[in-house]
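A short worksheet on the structure shown next.
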Amino acid sequence: MFKDLYQETMAAITANKARSGLTILGIVIGIASVIALIAVGQGTQDSIKTSIQSIGSNLIMVMPGAQRSGGVSGGMGSAQSLTLDDAKAIGQEIDGVKAVAPEISKRYQVIFGSSNTNTSIVGTSISYQEIRSLEIDTGVFLSAEDVSAMRKVAVIGSTTRDDLFGAGFDPVGKTIKVNNINFKVVGVTKSKGGSGSNTQDDQIIIPYTVAQKYFTNNQYVGTISISAESEEMIDTVQEQVSALLLERHDKTEETTDFRIMNQADIVSAASSITETLTMLLAAIAGISLIVGGIGIMNMMLTNVTERTREIGLRKAIGAKRNDISNQFLAESISLTFLGGFIGIILGWAIAWGIAQFASLNTSVSWSSILLAFGVSAGIGIVFGYYPARRASRLNPIDALRYE
Amino acid sequence: MKKNNAEVAIACHNINKIYQTGDIFTQVLYNISFEIKRGEFVAITGPSGSGKSTIMHIIGALDSPSSGSYYLDGQDVSQLSDDELADIRKNKIGFVFQSFNLLKRTTVLRNVMLPLVYAEAPVENRLALASKALLAAGLEEDRWAHLSNQLSGGQMQRVAIARALVNNPAIILADEPTGNLDTKTGEIVLDTFRRLNKEEGHTIILITHEADVAKHADRIIYIKDGHLVE
Ligand SMILES: Nc1ncnc2c1ncn2[C@@H]1O[C@H](COP(=O)(O)OP(=O)(O)OP(=O)(O)O)[C@@H](O)[C@H]1O
Ligand SMILES: [Mg+2]
């Protein structure tokens with residue numbers, strides 16, 4: 001029975017190759033754009049996720065924050081409320097904290113010989129390397145003595161190295177000028193890679209003691225980075241840090257002067273944005289699918305009209321309503337399935353091309369392929385149903401008389 | 001009035017058929033009553049427009065009478081649904097249409113096998129059944145693989161007859177089967193029907209407006225302006 005249906009369907013589709021091909025093309029374009037756009041959305045989401053994850057492990061960040069009430073925000077980091085003592089207290093008093101690092105950051109013009117660049121100077125402690133999962137390319141990271149003895153040493157990011165010295169140059173031992181103060185380069189961090197500008201590759205790390213003495217001259221720090229012992233600990237550590245700082249600053253939840261974010265929050269915030277974007281892209285592509293579906297319906301209606309006598313004959317020799325409607329449904333579903341199949345391959349190729357030539361990450365997921373298959377079959381059913389039903393309801397005598 | 005007589009294949013009683021086109025009602029058949037026994041070879045004849053094809057459609061369970069009763073093998077057919085009628089056509093009736101109605105761009109063999117698809121005959125038997133029907137209808141074997149639109153009118157007529165035979169129906173209804181043929185080819189086709197009737201025992205109902213053709217039948221039912229003429 002299925003073999004009969006299959007043979008009939010193939011015969012019908014190949015009977016008018018140009019028409020079938022053009023109709024299929026509508027579905028191909030729809031499915032391919034859905035696949036490709038979802039791939040772009042998902043790829044972007046993935047690369048945002050990995051680049052957020054690359055900024056540290058189980059990271060919690062405390063930043064001075066303008067009070068939320070009143071609606072006026074002073075902008076991130078503009079307020080001065082966190083101190084070195086806060087950072088020390090967090091490290092000493094809270095369980096589940098693996099490491100704490102204060103960060104004092106400012107942007108300066110940095111000079112080496114005749115080249116110069118504008119980059120951010122981060123004054124921090126030795127824990128920073130662990131918290132931000134930094135790896136050393138050449139040289140060493142800051143040492144405890146560097147911090148305590150206030151040595152003017154610097155660890156520079158790979159992008160900064162490229163800007164100041166040129167790619168591939170080993171700058172260890174060289175002296176650079178930051179705000180007219182000489183710093184000796186002791187190490188270069190490995191690139192975190194990823195697309196776009198990764199801020200961690202473009203920075204200069206110096207001991208916080210030095211930053212305090214030469215650049216800020218006060219007790220305040222910009223950010224306190226905390227690494228929790230495990231992923232499960234992140235939430236409890238975050239709560240405790242919040243409670244501790246409120247107490248130390250003599251503030252309440254309402255009058256708070258700092259903000260806490262953890263990596264998971266950032267990831268999910270970023271994901272929800274890209275997810276919405278992906279859905280939007282898919283929805284736009286979906287419109288072309290509907291247009292393709294209308295093409296299918298149009299073709300099937302033409303088919304039914306053209307084959308009215310044939311339908312009459314089939315009914316006369318014993319075909320039931322279902323036999324007729326199944327035949328036409330099988331035809332429209334085969335068309336959309338074929339279109340879906342080609343569309344998936346084409347969409348995949350487009351996604352691959354985008355990744356190759358537009359340096360945008362793309363990722364074709366199984367779920368989007370299944371979705372595309374489901375949708376194309378669904379379109380076959382939905383847009384094939386009406387023509388099929390119309391064919392099956394034809395009165396055999398009227399159909400046989402049809403010219 | 002139910003006919004349980006096992007001899008009777010077709011029993012029409014007071015059949016009326018009225019067509020409606022918009023507000024206009026056209027009565028085509030008036031109080032038609034007749035019986036046809038199993039194994040009979042009957043011709044239904046009458047002038048053009050007298051209602052012969054309309055009767056054939058009712059007998060063939062393609063259409064229902066507006067009033068009156070029609071029994072096929074003792075079963076009341078006048079009130080059945082679309083699908084139930086399809087079952088009856090599939091199992092009991094073989095049609096030979098005036099205009100052949102073969103599937104275009106389809107081989108002779110496929111055309112003849114089409115009823116077997118709906119009868120759900122085992123795939124491995126189909127070729128043998130189709131060959132048998134084509135031989136019975138007298139189409140030369142070297143034409144079987146041709147597409148239906150590559151055949152002459154007489155050859156198409158034979159394919160249509162073979163298609164009506166393939167499912168071995170008890171009743172074969174043929175509407176003007178010689179209408180498109182020259183006298184000689186027409187004779188051959190009529191001989192085929194006679195042979196099917198005498199040798200295979202099919203009930204044959206031949207519809208024609210030509211008295212010469214009707215003569216080939218054992219009995220003639222004459223219709224004029226929708227009335228049966230005794
Ligand atoms: N669907 C219809 N609507 C209205 N009138 C119809 C319809 N079908 C047939 N008729 C009318 O019924 C009458 C009988 O038609 P029918 O086809 O049965 O004639 P016939 O005896 O087969 O004629 P012929 O020998 O020319 O084939 C004709 O007058 C025709 O116009
Ligand atoms: Mg007629």
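Structural remarks
- Annotation: of all residues in segment B:42-60 being within 22 Å of B:Leu196 (Cα to Cα) and more than 14 Å from chain A (Cβ to nearest Cβ), the one that is farthest from ligand 1 (Cβ to nearest atom) is B:Val42.
- On inspection, B:Leu80 fails the criterion of being within 14 Å of chain A (Cβ to nearest Cβ), assigned to a helix (DSSP H, G or I), within 18 Å of B:Ile15 (Cα to Cα) and more than 16 Å from ligand 2 (Cβ to nearest atom).
- Scanning segment A:7-40 for residues that are among the charged types (D, E, K, R) and away from chain B (no Cβ under 14 Å) yields a single hit, A:Arg19.
- Condition check for B:Glu124: open to solvent by 50 Å² or more (accessible area, probe 1.4 Å) and within 14 Å of chain A (Cβ to nearest Cβ): yes
- The single condition from (1) open to solvent by less than 20 Å² (accessible area, probe 1.4 Å); (2) out of contact with any His (no Cβ under 9 Å at 6 or more places or on another chain) that A:Asp95 fails is (1).
- Any hit, segment B:61-68, residues being in contact with a His (Cβ under 8 Å, 6 or more places away or on another chain), surrounded by 16 or more Cβ atoms within 10 Å (Cβ to Cβ) and either at pLDDT 95 or above or within 14 Å of chain A (Cβ to nearest Cβ) (or both): yes
- Summed over segment A:311-364, the residues that are open to solvent by 40 Å² or more (accessible area, probe 1.4 Å) and within 14 Å of chain B (Cβ to nearest Cβ) give a count of 5.
- Residue ID - farthest from ligand 1 (Cβ to nearest atom), chosen from residues in segment B:134-158 that are open to solvent by less than 30 Å² (accessible area, probe 1.4 Å) and within 20 Å of B:Val123 (Cα to Cα): B:Trp144
- Scanning segment B:26-63 for residues that are within 19 Å of B:Asn14 (Cβ to Cβ) and assigned to a strand (DSSP E or B) yields B:Thr26, B:Gln27, B:Val28, B:Leu29, B:Tyr30, B:Asn31, B:Ile32, B:Ser33, B:Phe34, B:Glu35, B:Ile36, B:Ile44.
- Test: residue in segment B:18-41 that is within 14 Å of chain A (Cβ to nearest Cβ), crowded, with 23+ Cβ neighbours inside 10 Å and more than 16 Å from ligand 2 (Cβ to nearest atom): no
- A:Asp4, sole failed condition from (1) touching a Leu at 6+ places or on another chain (Cβ under 6 Å); (2) within 11 Å of chain B (Cβ to nearest Cβ): (1)
- Some residue of segment A:241-248 being within 14 Å of chain B (Cβ to nearest Cβ) and open to solvent by less than 20 Å² (accessible area, probe 1.4 Å): no
- The set of residues from segment B:168-180 being open to solvent by less than 30 Å² (accessible area, probe 1.4 Å) and within 16 Å of ligand 1 (Cβ to nearest atom) comprises B:Leu173, B:Ala174, B:Asp175, B:Glu176, B:Pro177, B:Thr178.
- Check on B:Glu187, farther than 22 Å from B:Gly60 by Cα and either within 16 Å of ligand 1 (Cβ to nearest atom) or at pLDDT below 90 (or both): yes
- With respect to the conditions (1) at the interface with chain A (Cβ under 10 Å from one of its Cβ atoms); (2) touching a residue at least 24 places away in the same chain (Cβ under 8 Å); (3) in a helix (DSSP H, G or I), B:Phe100 falls short on a single one, namely (3).
- Screening segment B:129-230 for strands (runs of 3 or more DSSP E) wholly inside it with 2 or more residues that are of a type outside the set (D, E, K, R) and away from ligand 2 (no atom under 16 Å from the Cβ) returns the ranges B:171-175, B:203-208, B:227-229.
- Within segment A:51-88, restricting attention to residues that are farther than 19 Å from A:Asp250 by Cα, among the β-branched types (Val, Ile, Thr) and modelled with pLDDT of 60 or more, the residue that is most open to solvent (accessible area, probe 1.4 Å) is A:Ile55.
- Sub-7 Å Cβ pairs linking a first residue in segment B:45-67 that is in contact (Cβ under 8 Å) with a residue 60 or more places away in the chain and farther than 16 Å from B:Phe34 by Cβ to a second residue that is open to solvent by 20 Å² or more (accessible area, probe 1.4 Å) and within 7 Å of ligand 1 (Cβ to nearest atom), at least 6 apart or interchain, are B:Pro47/B:His209; B:Ser48/B:His209, ordered by first then second residue.
- Those residues of segment B:194-228 which are closer than 18 Å to B:Ala9 by Cα and of a type outside the set (D, E, K, R), in sequence order: B:Leu196, B:Asn197, B:Gly201, B:His202, B:Thr203, B:Ile204, B:Ile205, B:Leu206, B:Ile207, B:Ala217, B:Ile220, B:Ile221
- Of residues in segment B:94-121 being open to solvent by 70 Å² or more (accessible area, probe 1.4 Å) and either within 16 Å of ligand 1 (Cβ to nearest atom) or more than 12 Å from B:Arg163 (Cα to Cα) (or both), the one modelled with the highest pLDDT: B:Glu120
- Residue-level analysis places A:Glu306 outside the set of residues that are within 16 Å of ligand 2 (Cβ to nearest atom), within 14 Å of chain B (Cβ to nearest Cβ) and surrounded by fewer than 21 Cβ atoms within 10 Å (Cβ to Cβ).
- Boolean, A:Leu329 is over 29 Å from the mean Cα position of the chain (by Cα) and in contact (Cβ under 8 Å) with a residue 40 or more places away in the chain: yes
- Residue in segment B:159-167 that is within 14 Å of chain A (Cβ to nearest Cβ), open to solvent by 40 Å² or more (accessible area, probe 1.4 Å) and within 30 Å of B:Lys37 (Cβ to Cβ) present: yes
The values are calculated or read from the model by the stated rules, or taken from the named source; none is laboratory data. The shown structure was predicted, so the numbers you read here are calculated from the model rather than taken from an experiment. So basically every Cβ, Gly included, is an ideal-geometry build from the backbone, and we count neighbours across all protein chains shown. Quick note on the areas: whole protein, heavy atoms, side chains included, nothing else; ligands and nucleic acids left out. Shrake-Rupley method; radii C 1.70, N 1.55, O 1.52, S 1.80 Å.
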